[in-house]
Amino acid sequence: MILLSGGTGTPKLIQGLRRIIPDEDITVIVNTAEDIIVSGTMVSPDVDTILYLFSGILDTSKWWGIRNDTFHTNNALRKMGINEKLMMGDADRAACIFREEFMRKGASLTEATLLLSEALGIKAKILPMCNEKVDTMIKTPDGVLHFQDFWVGERGTPDVQEVEISGIHEASPTKEVINTLKNEDNVIIGPSNPITSIGPILALKGIKEILKTKNVIAISPIIGDSPVSGPAGKLMNARGYPVSSKGVARFYGDILDVMVIDDKDTMNASDFDIRTVRYDTIMTSVEKSQSLAKNILKLFSGIYE
Ligand code: GDP
């Protein structure tokens with residue numbers, strides 16, 4: 001099973017999916033357009049969340065960082081007048097340093113991530129979407145901000161005029177991503193931010209064409225007229241899409257076979273051009289995530305086999 005993922009909604013779904021299928025059978029293609037250098041070390045927030053989830057150390061109260069991590073380095077830097085852009089725990093930083101060491105010796109982001117996966121005892125395959133640096137940039141009335149400066153620095157408050165994924169046209173999906181997609185029929189687009197988490201993956205050359213040949217089920221991160229969490233609504237508006245599950249379906253377009261919408265959603269099946277299915281998609285517990293994952297797997301076997 002392949003999933004396309006950001007760093008919050010889809011990881012919640014994966015948490016439940018892991019209770020049903022073995023990690024060895026899961027590949028996650030992860031957004032890297034929010035990667036950023038913090039105090040000289042590259043942080044790949046979405047990839048790191050997925051890594052920590054599979055190694056059983058993720059702080060699932062926040063969906064980032066390592067459970068019970070300490071913040072000695074972050075605090076020491078603050079005392080010296082450096083306020084880091086992201087709160088980075090010590091063990092979290094160690095993992096990022098590990099990856100960066102291999103990259104410094106010439107490994108690609110993918111190779112270094114696979115080595116980090118191995119070091120963390122992970123059996124799932126976690127693939128950054130590309131090896132090139134791409135950056136989500138948010139245009140606001142006061143200037144252009146990197147996504148992390150917009151979301152973490154400014155807490156998502158500025159008005160958003162445009163979203164640009166800088167560098168995406170020069171980037172390519174990795175050979176590992178392409179090979180994995182060639183060898184699997186079923187793809188889940190998890191309930192992640194369509195614009196900043198899934199959009200960059202879909203914008204990579206050739207990905208949409210491959211996905212059109214696959215069985216693709218997406219889960220809406222938007223219920224009614226607002227996202228479950230985060231800035232997806234504001235960003236979809238800025239891109240000219242309605243903030244609704246229908247807007248999400250429109251953004252994904254003809255790669256989709258089925259759109260899973262929440263059973264509390266105000267949209268109806270007749271609002272969509274594609275098949276929709278309604279489930280409870282609010283994953284407030286592992287049990288709820290597992291139940292949603294089970295329904296999605298049933299959907300694959302019911303429709304495609
Ligand atoms: P990010 O990388 O941290 O922005 O995380 P993602 O893009 O993976 O996930 C953010 C999106 O997940 C938001 O748009 C939320 O609306 C959505 N989300 C978070 N939790 C849930 C949930 O329990 N159910 C659904 N349907 N969506 C969720």
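Throughout, read-outs are computed from the coordinates displayed, never taken from laboratory work. Just so we're clear, the structure is a prediction, and the values are computed from it rather than from any experiment. Cβ: placed from backbone, ideal geometry, glycine included. Neighbour counts: every protein chain shown.
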Positive end of the charge dipole of region 132-183 (Lys, Arg +1 and Asp, Glu -1 on Cβ, about the Cα centre): tell me which of 146, 169, 183 has its Cα farthest that way.
183
Over 28 Å (Cα to Cα) - which of 234/298; 133/208; 85/182; 79/234; 62/105; 12/105 fall in this group
234/298; 85/182; 79/234; 62/105; 12/105
For region 128-279, with equal point scatterers placed on the C-alpha atoms only and solvent neglected, what are the log10 I(q)/I(0) values from the Debye formula at q = 0.19 1/Å, to two decimals?
-1.20
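Note down the relative contact order for the chain as a percent, whole number, built from C-alpha pairs under 8 angstrom at least six residues apart. Provide the component values of the computation, followed by the final result.
Numbers: 571 pairs, mean separation 61.1, N = 305.
Taking the mean separation of contacting Cα pairs over the length of the chain, I get 20 percent.
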Please give the charge dipole size of region 1-119, origin at the Cα centre, charges +1 on K and R Cβ atoms and -1 on D and E Cβ atoms. Round to the nearest 20 debye.
360
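Tell me which DSSP H helices of the chain clear both cut-offs, 18 Å or more of axial length from alpha-carbon atoms and a mean Kyte-Doolittle hydropathy of at least 0.0. Don't jump to the answer; show the numbers that get you there.
Numbers: long enough: 90-104 (20 Å, -0.51); 286-304 (27 Å, 0.15).
Counting only whole DSSP H runs, the qualifying helices are 286-304.
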Eigenvalues of the Cα gyration tensor times 5, then square-rooted: what semi-axes does that give for region 1-101, in whole angstrom, largest first?
27, 14, 11
Run through region 32-129 and list the trypsin sites (Lys or Arg not before Pro) located in a DSSP loop whose Cβ has at most 10 other Cβ atoms within 10 Å.
105
Percentage of Cα-Cα pair distances in region 180-227 greater than 16 Å, rounded to whole percent?
44
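Summarise the long-distance tail of P(r) for the chain by giving the % of C-alpha pairs beyond 28 Å.
35
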Residue-ordered couplings for region 140-153, obtained by feeding phi - 60° into the Karplus form 6.51 cos²θ - 1.76 cosθ + 1.60 and rounding to whole Hz (Gly and Pro as x), are 10, x, 9, x, 9, 10, 5, 3, 5, 5, 5, 8, 8, x
